[in-house]
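A quick write-up on the structure given underneath.
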Amino acid sequence: MDLKRYTHADARDVRSLLLDIHDEAYADTLDEFHSRERFSCFVDRWSSREDWLCISGWEEGGPVGYAYGSMFKPGGWWKGHPRPRELRGSVFALSELMVVPKWRGTKRAQKIHDALLKEVTADMVSLTVETERPRVQAMYERWNYAKVGEAMPSDDSPLYAVMVRKL
């Protein structure tokens with residue numbers, strides 16, 4: 001698998017790719033929360049951060065998936081969940097990891113994830129995963145993440161598991 005690296009400066013050029021992969025990944029989910037329109041706001045918000053970093057994977061002439069995120073500001077944390085006191089130091093927020101259905105279960109998600117984390121200089125990485133997706137949460141646990149709580153960042157969002165992995 002070929003890997004490509006993008007930064008904040010590349011955000012406009014890679015935006016449609018991220019949205020297209022999202023659409024393919026959530027093709028079977030027809031709710032308002034997972035819509036392209038709503039997700040595009042998240043992409044724009046995250047990619048506007050100057051330290052935003054994204055890694056995409058490519059194979060057989062097409063995209064496999066991507067992962068992106070950025071550093072939390074000192075003391076920053078996920079909306080809807082207080083930062084645990086015992087977690088001290090800098091935190092990289094892994095906002096998204098998506099793989100198109102064709103490549104699920106092939107360990108490519110982990111390769112993309114690991115390539116992104118190789119670029120990160122932080123004490124830990126944190127992410128959220130919908131609690132209604134226990135297989136995804138179990139995958140992150142196999143990758144040495146631990147659940148530290150749950151968050152509901154908005155009234156219309158699903159409940160998320162907040163997970164952390166020390167680097």
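Taking first residues from the stretch 88-111 that are closer than 12 Å to P63 by Cα and partners that are open to solvent by 50 Å² or more (accessible area, probe 1.4 Å) and not in a strand (DSSP E or B), the Cβ contacts under 7 Å between residues at least 6 apart in sequence or on separate chains come to V100/E24; P101/E24; R108/M1. Any idea which residue in the stretch 34-74 is nearest to W103 (Cα to Cα), counting only those that are of a type in the set (F, W, Y) and under 14 Å from the mean Cα position of the chain (by Cα)? Looking at the filtered set, the residue picked out is Y66. Inspection of the stretch 138-145 finds no residue satisfying the criterion of being in contact (Cβ under 8 Å) with a residue 12 or more places away in the chain, more than 16 Å from K166 (Cα to Cα) and within 12 Å of the chain's Cα centre (by Cα). When the residues of the stretch 115-125 are filtered to those that are open to solvent by 50 Å² or more (accessible area, probe 1.4 Å) and assigned to a loop (DSSP other than H, G, I, E, B), the one that is nearest to V162 (Cα to Cα) is D123. Inspect the stretch 79-87 for any residue being modelled with pLDDT under 95, over 13 Å from the mean Cα position of the chain (by Cα) and of a type in the set (A, V, I, L, M) and give the result as yes or no. Looking for residues that are modelled with pLDDT under 95, over 13 Å from the mean Cα position of the chain (by Cα) and of a type in the set (A, V, I, L, M), one finds at least one in the stretch 79-87, hence yes.
Taking the stretch 24-33 as the range and being open to solvent by 20 Å² or more (accessible area, probe 1.4 Å) and either on the phi > 0 side of the Ramachandran plot or within 15 Å of the chain's Cα centre (by Cα) (or both) as the test, only Y26 passes. Checking every residue in the stretch 135-148 against the condition of being aliphatic (A, V, I, L, M) and open to solvent by less than 30 Å² (accessible area, probe 1.4 Å) gives zero matches. Taken together, the residues in the stretch 34-50 that are charged (D, E, K, R), at pLDDT 95 or above and open to solvent by less than 70 Å² (accessible area, probe 1.4 Å) amount to 1. The single condition among (1) closer than 22 Å to V120 by Cβ; (2) in contact (Cβ under 8 Å) with a residue 12 or more places away in the chain; (3) more than 16 Å from the chain's Cα centre (by Cα) that V14 does not meet is (3). Yes or no: S90 more than 14 Å from the chain's Cα centre (by Cα), farther than 20 Å from D2 by Cα and open to solvent by less than 60 Å² (accessible area, probe 1.4 Å)? For S90, the condition - more than 14 Å from the chain's Cα centre (by Cα), farther than 20 Å from D2 by Cα and open to solvent by less than 60 Å² (accessible area, probe 1.4 Å) - is met. Scan the stretch 126-157 for residues that are over 24 Å from L17 (Cα atoms) and of a type in the set (V, I, T) and the total you get is 2. Every condition in (1) β-branched (V, I, T); (2) open to solvent by less than 40 Å² (accessible area, probe 1.4 Å); (3) part of a loop (DSSP other than H, G, I, E, B) holds for V129 except the one numbered (3). Inclusion of D114 among residues that are free of Cβ contacts under 8 Å to residues at least 12 places away in the same chain and either touching a helix residue (DSSP H, G or I) at 6+ places or on another chain (Cβ under 7 Å) or farther than 19 Å from S157 by Cβ (or both) is warranted.
The values are calculated or read from the model by the stated rules, or taken from the named source; none is laboratory data. Source: prediction; values computed, not measured. Please note: Cβ atoms are built from the backbone with ideal geometry, for glycine as well, and neighbour counts cover all protein chains shown. Accessible surface is based on the protein model in full, side chains and every heavy atom, while ligands, DNA and RNA are left aside. Shrake-Rupley method; radii C 1.70, N 1.55, O 1.52, S 1.80 Å.
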